[in-house]
Amino acid sequence: MTLRDLAIRYGFLALLAGLVIFFSFSTNGFTSPQAAVFILQSVSLTGILALGVTATLVVGGFDLSIGSIATSAMMAAAYVMVVLEQNALVAVLVCLAIGALVGLINGIIICYLRVPDLLATLGMMFLLIGLQRIPTEGRSIAAGMTMPDGSTATGQFDPAFLALGRHRFDFILPNLVPASVVVLIVLAVLIWFFLEYTRFGRLMYAVGSNARAAEFAGAPVKAYKIWAYIISGVFASIGGILLAARLGRGDIASGNNLLLDAVAAALIGYAVLGASKPNAFGTAVGALFVGVLLQGLTMMNVPYYTQDFIKGAVLVVALVFTFSLSGRTAR
């Protein structure tokens, strides 16, 4: 294996290791178990959304509506429990149904109405941003809130639901690992196995690589694409559920940054191990990279308004480095 091949395959992982070493010497406490768990918790939601985006990238699509789906799920969960006074199970099922339905609609618009994926999901993003504000006339949802008709909401968040975002498991230290981190790890393993080792997942890659050839081979291309958007919608709704459980309220502004960070993680995944293609393992590493970078910059007291620029610069460099050296082109 030549030096160039080594750089393509392991360059990004070396960069991640270099960042960890740099921040370890530049800050106090960066390598502590608590800091490591905080990094994982900070990227758990965006990582879950990024895994959903990866499914659409695999079939040659792209989903810009994930942030608004997550926020809609968060608002729906709060509305179901606080206003409709339902339990945690009903709230979770409603949120998952919303994610699946939006993903299905996205897929149908893209596959059957032939609207480009970026335009279709961008339109859905704006539609959901407006729709989620209508029931409460733009108010965030919390226990005891005043409704638009002047009445007071009498429901509250189910403790079982709040545990999804606030419970911590014992691991080395008591109450160390948040439940959201466990959910991220489980979903990452499941989607990785699904895409890499199942016939359905391999056919999704075939569709993304050459849809016409896959169609000639008898694969139901439109069905695979629609399922990819359903997966993306469900994963986004899971992120919204965990966000609502963590905050204990339905905050209309809390999901605004999820889209950009999730997309960054999914695209960084192209550079991991020289894959030059969307993949679940790379996306998980990309989410971890974003978390390490932002946590390190925060502990170094780097101004918050420069962090998005640095994150974007790293993303561009990683992708240019990968595709320039490998001579491949993104699908």
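No lab work stands behind these numbers, since they all come straight from the coordinates. Predicted model only: the values in this text are computed from it and were never measured. Glycine also receives a Cβ, built like all others from the backbone with ideal geometry; neighbour counts cover every protein chain displayed.
On a C-alpha basis, how far is the centre of the range 231-250 from the centre of the range 157-217 in Å? Whole number, if you could?
Here the answer is 14 Å between Cα centres.
If each residue of separation counts as 0.36 nm, what is the full-extension length gain between residue 114 and residue 197 once their alpha-carbon separation is subtracted? Working shown, then result.
Values: separation 83, 0.36 × 83 = 29.88 nm, distance 3.02 nm.
Stretched fully, the residue 114-residue 197 segment lengthens by 26.9 nm.
At 222 nm, what value in deg cm²/dmol follows for the chain if DSSP H runs of at least 4 each add -39500 (n - 2.57) and the sum is divided by all its residues, to the nearest 500? It would help to have the intermediate numbers written out before the result.
Numbers: 13 runs with 224 residues, N = 331.
Mean residue ellipticity at 222 nm (helix-derived): -22500 deg cm²/dmol.
Find the Cα radius of gyration of the range 39-131, compare it with 2.2 N^0.38 Å by division, and give the number to two decimals.
After normalising by residue count via 2.2 N^0.38 Å, the value is 1.15.
Where the centre of each part is set by its Cα atoms, how far does the range 112-133 sit from the range 28-78, in angstrom?
The range 112-133 and the range 28-78 have Cα centres spaced 20 Å from each other.
Tell me, 79, 224 in order of fewest to most beta-carbon neighbours within 10 Å?
79, 224
State, in angstrom, two size descriptors of the range 157-278 derived from its alpha carbons: Rg to one decimal place and Dmax to the nearest whole number.
17.9, 56
Using Cα pairs under 8 angstrom and six or more residues apart, how large is the relative contact order of the chain, in percent?
Details: 556 pairs, mean separation 107.5, N = 331.
That works out to 32 percent.
Return the long-range amide H neighbours of residue 176 (sequence gap of 5 or more, or a different chain), with a cut-off of under 5 Å between placed amide H atoms.
Residues meeting the amide H criterion: 169, 170, 171.
Taking 20 °C and 1.002 mPa s as the conditions, I'd like the Stokes-Einstein D for the range 48-88 in µm²/s, using the Kirkwood hydrodynamic radius from alpha carbon pairs.
Diffusion coefficient, whole number: 184 µm²/s.
At a 10 angstrom cut-off on C-beta neighbours, averaged per residue, how do the peptides 123-135, 178-190 rank from highest to lowest?
With the highest mean Cβ count within 10 Å placed first, the list reads 178-190, 123-135.
Taking the range 110-160 as the region of interest, what is the percent of Cα-Cα pairs per 10 angstrom bin, listed from the shortest bin to the one with the maximum distance?
21, 31, 23, 17, 8
Determine, for 111, 95, the number of other Cβ atoms within 10 Å of each Cβ, and report the residues in order from fewest to most.
By the 10 Å Cβ count, ascending: 111, 95.
Report Rg(Cα)/(2.2 N^0.38 Å) for the chain, keeping two decimals.
With N residues counted in the chain, Rg over 2.2 N^0.38 Å equals 1.02.
Under a 10 Å cutoff between Cα atoms, tell me which one of 61, 18, 233 has the largest fluctuation in the Gaussian network model of the chain.
18
Give me the dipole magnitude in Debye, nearest 20, for the range 3-326 about the Cα centre, with unit charges on the beta carbon: positive for Lys and Arg, negative for Asp and Glu.
That gives the range 3-326 a dipole magnitude of about 580 debye.
Report, by chain and number, residues whose modeled amide H sits under 5 Å from the one on residue 251, excluding near sequence neighbours (fewer than 5 apart, same chain).
141
Between residue 170 and residue 87, what FRET efficiency follows from the Cβ-Cβ distance if R0 is 35 Å, with the result rounded to 0.05?
After rounding, the FRET efficiency stands at 0.85.
If neighbour count is taken as other Cβ atoms inside 10 Å, put 15, 51 in order from fewest to most. Walk me through the intermediate numbers first.
Numbers: 15 16, 51 30.
By the 10 Å Cβ count, ascending: 15, 51.
Which ³J(HN,Hα) values in Hz, rounded to whole numbers, follow from the phi angles of the range 23-38 under the Karplus curve 6.51 cos²θ - 1.76 cosθ + 1.60, where θ = phi - 60° and Gly and Pro get x?
Running phi through 6.51 cos²θ - 1.76 cosθ + 1.60 with θ = phi - 60° gives 5, 5, 8, 8, 10, 9, x, 5, 8, 6, x, 5, 5, 4, 5, 4 Hz.
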